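**Student:** Pasting a structure here, questions to come.
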Amino acid sequence: MDTRYHTSPQLNPLKIELADVRLTKVAVGDMDNNCYIISRGSDVVIVDAAADPRRILETLAAVVSGPPTVHAIITTHEHADHWQALSSLRAVFPDAELVATKETAAAVGIDADTVKNGATRSFGSIDLEFIVLRGHTKAGLAVVIDDPLPHILTGDSLFPGGVGKVPSGQAFYLLFNDVRHRLFDRFEDAVIHPGHGDSTTLGTQRPHLDEWEQRVW
């Protein structure tokens, strides 16, 4: 556990000041889901509208002074605990784009702006990159915030101690190889913020890659 980035549904949201944006991590619901608010001035992107729209909106009001412009709500993958508040937040911010992979959008049943691996997008003054990680679901997203030390929101694809839950051995190797090649091989280090629980870094987890591959989870 990296205690610099620890929070829980019982604790206050965590504000992380990066070079160009503020990243706010708020934990919600019985499954300790993390919702992330990326903000720069009044420009806002929400990642994973999970479980508790009231707490997310209260957090948003606390981190953005004045009326926010929510440009996008990103859903990292199709599992329902990560988008239970999506319709409520879209009702509050009807002009926000819904962003997901094509596979996630189809599974959730939303009309989303779909992104592919390596896509970059600007949402107002906020620049983000998207990395597709397959295996936990058909095509989950990781969201990269560029910084001297990058911060990557990995959904349920990468956690402290291993990759996310998979339905089969084949899916494990698909996810493990995506995580290894698209994250560990590319970034010397980065802060990893998962869809549940505590954050970590690639540097902390890198020595354990062989162990994960051998145990197949």
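**Student:** Expressed in nm², what is the orientationally averaged projection area of the convex hull enclosing the Cα positions of segment 124-213?
**Tutor:** Over every viewing direction, the Cα hull of segment 124-213 projects on average to 5.8 nm².
**Student:** Which of these, A100, A72, A19, has the largest mean-square fluctuation under a Gaussian network model of the chain (Cα springs below 10 Å)?
**Tutor:** Ranking A100, A72, A19 by mean-square fluctuation puts A19 first.
**Student:** Cα-based Rg of segment 1-149 per 2.2 N^0.38 Å, rounded to two decimals?
**Tutor:** 0.97
**Student:** Hey, can you find the accessible area per residue of the chain for me, probe 1.4 Å, expressed in square angstrom?
**Tutor:** With the other protein chains kept in place, the chain gives 44 Å² per residue.
**Student:** Where a ≥ b ≥ c are the square roots of the eigenvalues of the C-alpha gyration tensor, would you call segment 1-50 rounded, which needs a/c under 1.5, or, failing that, prolate if a/b is larger than b/c, or oblate?
**Tutor:** Values: a/c = 2.62, a/b = 1.41, b/c = 1.86.
Oblate.
**Student:** Here is a further query. In segment 86-155, if every C-alpha pair distance is counted and binned at 10 Å from zero, what percent goes to each bin?
**Tutor:** Bin by bin from 0 Å, the calculated values are 19, 48, 30, 3.
**Student:** Here is a follow-up. What order do you get for 191-197, 109-115 when each peptide is scored by the mean count of other beta carbon atoms within 10 Å, highest first?
**Tutor:** Per-residue Cβ counts within 10 Å, averaged per peptide and sorted highest first, yield 191-197, 109-115.
**Student:** With the chain treated as a Gaussian network of Cα nodes joined by springs under 10 Å, which of S199, S39, S122 yields the largest mean-square fluctuation?
**Tutor:** S122
**Student:** Mean-square fluctuation check for the chain, GNM, Cα pairs under 10 Å: which of G29, G66, G41 is largest?
**Tutor:** G66
**Student:** Follow-up. Among all the lysines, which ones have a C-alpha under 18 Å from K138's C-alpha, if same-chain residues fewer than 8 places away are not counted?
**Tutor:** Straight-distance partners of K138: K102, K116, K165.
**Student:** What is the log10 of I(q)/I(0) for segment 4-85, computed with the Debye formula using one identical point scatterer on each Cα and no solvent, at q = 0.13, 0.19, 0.22, 0.27 Å⁻¹?
**Tutor:** -0.35, -0.77, -1.03, -1.44
**Student:** Give, in whole angstrom and from largest to smallest, the semi-axes √(5λ) of the equivalent ellipsoid of segment 58-217, with λ running over the eigenvalues of the Cα gyration tensor.
**Tutor:** 27, 18, 14
**Student:** Restricting to the chain, what percent of DSSP beta bridges are antiparallel, rounded to 5?
**Tutor:** Counting DSSP beta bridges with both partners in the chain, the antiparallel share is about 70 percent.
**Student:** What fraction of the DSSP beta bridges in segment 1-125 is antiparallel, stated in percent and rounded to the nearest 5? Mind showing how you got there, number by number?
**Tutor:** Working: 16 of 26 bridges.
So the antiparallel bridges in segment 1-125 amount to around 60 percent.
**Student:** What does the charge count around A96 come to, taking other residues whose C-beta lies under 13 Å from its C-beta (Lys +1, Arg +1, Asp -1, Glu -1)?
**Tutor:** Charge balance in the 13 Å sphere: -4.
**Student:** At a threshold of 8 angstrom on Cα-Cα distance, excluding pairs fewer than six apart, so keeping six or more, what relative contact order does the chain reach in percent?
**Tutor:** Values: 479 pairs, mean separation 36.1, N = 217.
Averaging sequence separation for qualifying contacts and normalising by length gives 17 percent for the chain.
The values are calculated or read from the model by the stated rules, or taken from the named source; none is laboratory data. Owing to the predicted nature of the structure, the values given are computational and were not obtained by experimental measurement. Neighbour counts run over all protein chains shown; Cβ positions are idealised from the backbone, glycine included. To get the accessible areas, we keep the full protein, side chains included, count just its heavy atoms, and leave off ligands, DNA and RNA. Shrake-Rupley method; radii C 1.70, N 1.55, O 1.52, S 1.80 Å.
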